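Report on the structure given below.
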Amino acid sequence: MRFFIFLSGAAILAMGGAAMRVLARADSLGFFQGALTLGGGLVICGLFSIKMHWHGVIGAGILALLGAARGLGNLPGLAKFITGDRPHGSTPLLEFGVTLICLLLLVKVIRALFQERVRRMLESEE
């Protein structure tokens, strides 16, 4: 699980770096700041999971939930991008990529939490 947290954080940070080269200056700075915040937070949660496993995993799940919720609000911009209205360049595609990363991490965290619950329930029956 820790690997996926670090990988998600690094991927979001890399997308922020790519945004600095691809997007216009005004759009790139906003996206870069958001990518540093979210990606950096996930890397910090990954570091937390080294000493306190479930604290880091749950923190990463909360950050993934926040990132996914924010990204789902950007779906109208993606629809406009697909139809050809592109005033912000490729920003909606990058935002959709971050949304997908956050959704995948959120599903992975929820699955890990359910597996841990089942493991503890089976352990308590013995």
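The values are calculated or read from the model by the stated rules, or taken from the named source; none is laboratory data. Remember, predicted model here, so these are calculated numbers, not experimental data. Cβ: placed from backbone, ideal geometry, glycine included. Neighbour counts: every protein chain shown. Ligands, DNA and RNA are excluded from the accessible area calculation, which covers all protein heavy atoms including side chains. Shrake-Rupley method; radii C 1.70, N 1.55, O 1.52, S 1.80 Å.
Residues that are in contact (Cβ under 8 Å) with a residue 40 or more places away in the chain, touching a Gly at 6+ places or on another chain (Cβ under 9 Å), outside any helix (DSSP H, G or I) and farther than 18 Å from Ala60 by Cα: does the range 77-88 have at least one?
Applying the first criterion (in contact (Cβ under 8 Å) with a residue 40 or more places away in the chain) to the range 77-88 yields 88.
Right, trim to touching a Gly at 6+ places or on another chain (Cβ under 9 Å) and you get 88.
Okay, now just the ones that are also outside any helix (DSSP H, G or I), so 88.
Within this subset, residues satisfying the condition of being farther than 18 Å from Ala60 by Cα are 88.
Yes.
Residues are listed down the side, and each one gets a yes or a no for (1) open to solvent by less than 60 Å² (accessible area, probe 1.4 Å); (2) touching a helix residue (DSSP H, G or I) at 6+ places or on another chain (Cβ under 9 Å); (3) at pLDDT 95 or above; (4) over 25 Å from Leu29 (Cα atoms):
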residue: Leu72; (1), (2), (3), (4): no, yes, no, no
residue: Pro87; (1), (2), (3), (4): no, yes, no, no
residue: Pro92; (1), (2), (3), (4): yes, yes, no, no
residue: Phe96; (1), (2), (3), (4): no, yes, no, no
residue: Lys108; (1), (2), (3), (4): no, yes, yes, yes
residue: Leu122; (1), (2), (3), (4): no, no, no, yes
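Does Gly56 meet the test of being over 17 Å from Glu95 (Cβ atoms), touching a Gly at 6+ places or on another chain (Cβ under 9 Å) and open to solvent by less than 90 Å² (accessible area, probe 1.4 Å)? Yes.
Out of all the residues in the range 60-76, is one or more in contact (Cβ under 8 Å) with a residue 12 or more places away in the chain and outside any helix (DSSP H, G or I)? Yes, that holds for at least one residue.
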